[in-house]
Amino acid sequence: MKLSSLYDLLLHELKDLYSAEKQLTKALPKLAKAATNEQLRGAFEEHLEETEGHLQRLEEIAEQLEARLDGHTCKAMQGLVEEGQDLLEEDAEPAVRDAALIGAAQRVEHYEIAGYGTARTLASLLGHEEIAELLDTTLEEEKATDEKLTALAEAAVNAEAAEADGTEPMPAEGGGSGRKSSSGGAKKSGGAAKKSGGKSGGRK
């Protein structure tokens, strides 16, 4: 589609997010099935329910704008999902795979945080305050999921992965037990997510 205005750009971002969320509804059950840590499996299952809610919000937004969001493929999410699938096919220790799954999931979260932040700001600039609020609600849920994955990595998963390969885990800041190089759930990754959400979308 031709991007001649901020409205066109907003619609493009919404279509991209809609496609991304659609792809996630198919990918998350596979991640949950592959996870051996019960809390991680539960986090994936909970986020699947949230993702279905995110789709409903986007459909509500489409109705308000009298626009269609289908017919577009988010290639970035397609690539992220394919990377996650590659991880599932690797011959890995269960705990190490869990750490890798967190890293893959946080890459997805960071992408969505940037996308929802951008769409929220565009909606606000165009005077669609109700739509901006709906997008902001989803944005906060994506940030919360990213933080939950970081906490899981630091509290258990990274340490379990370190034990699996005989590595002594390094203490994380704040008392966590995650090894920073094990997965995207390390402290630095979680921090990057917060910065990403602020820069890409602009704070209210």
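Quick notes on this structure:
- Test: residue 45 is more than 30 Å from residue 95 (Cα to Cα) and either of a type outside the set (D, E, K, R) or surrounded by fewer than 18 Cβ atoms within 10 Å (Cβ to Cβ) (or both): no
- Counting only residues that are touching a residue at least 40 places away in the same chain (Cβ under 8 Å) and under 16 Å from the mean Cα position of the chain (by Cα), region 83-96 holds 2 of them.
- Test: residue 99 is in contact (Cβ under 8 Å) with a residue 12 or more places away in the chain, of a type in the set (Gly, Ala, Ser) and in a helix (DSSP H, G or I): yes
- Scanning region 42-69 for residues being over 15 Å from the mean Cα position of the chain (by Cα) and either more than 22 Å from residue 3 (Cβ to Cβ) or in contact (Cβ under 8 Å) with a residue 24 or more places away in the chain (or both) gives a total of 13.
- The residue pairs whose first member lies in region 123-144 and is over 21 Å from residue 106 (Cβ atoms), whose second member is part of a helix (DSSP H, G or I) and aromatic (Phe, Trp, Tyr), and whose beta carbons are closer than 7 Å, counting only pairs six or more residues apart or on different chains, are 126/7.
- Qualifying position, being surrounded by fewer than 22 Cβ atoms within 10 Å (Cβ to Cβ), over 30 Å from residue 162 (Cα atoms) and at pLDDT 95 or above, among 126, 135, 122: 126
- Region 34-76, subset part of a loop (DSSP other than H, G, I, E, B) and β-branched (Val, Ile, Thr), residue modelled with the lowest pLDDT: 36
- Residue match in region 3-19 (condition: within 28 Å of residue 157 (Cα to Cα) and touching a Leu at 6+ places or on another chain (Cβ under 6 Å)): no
- Just one residue in the set 11, 80 is surrounded by 20 or more Cβ atoms within 10 Å (Cβ to Cβ), assigned to a helix (DSSP H, G or I), under 19 Å from the mean Cα position of the chain (by Cα) and aliphatic (A, V, I, L, M); that residue is 80.
- Region 40-60, residues that are aliphatic (A, V, I, L, M) and more than 17 Å from residue 139 (Cβ to Cβ): 40, 43, 48
The values are calculated or read from the model by the stated rules, or taken from the named source; none is laboratory data. Because the structure is a prediction, the values reported are computed rather than measured. FYI the Cβ positions are ideal-geometry reconstructions off the backbone, even for glycines, and counts take in every protein chain you see.
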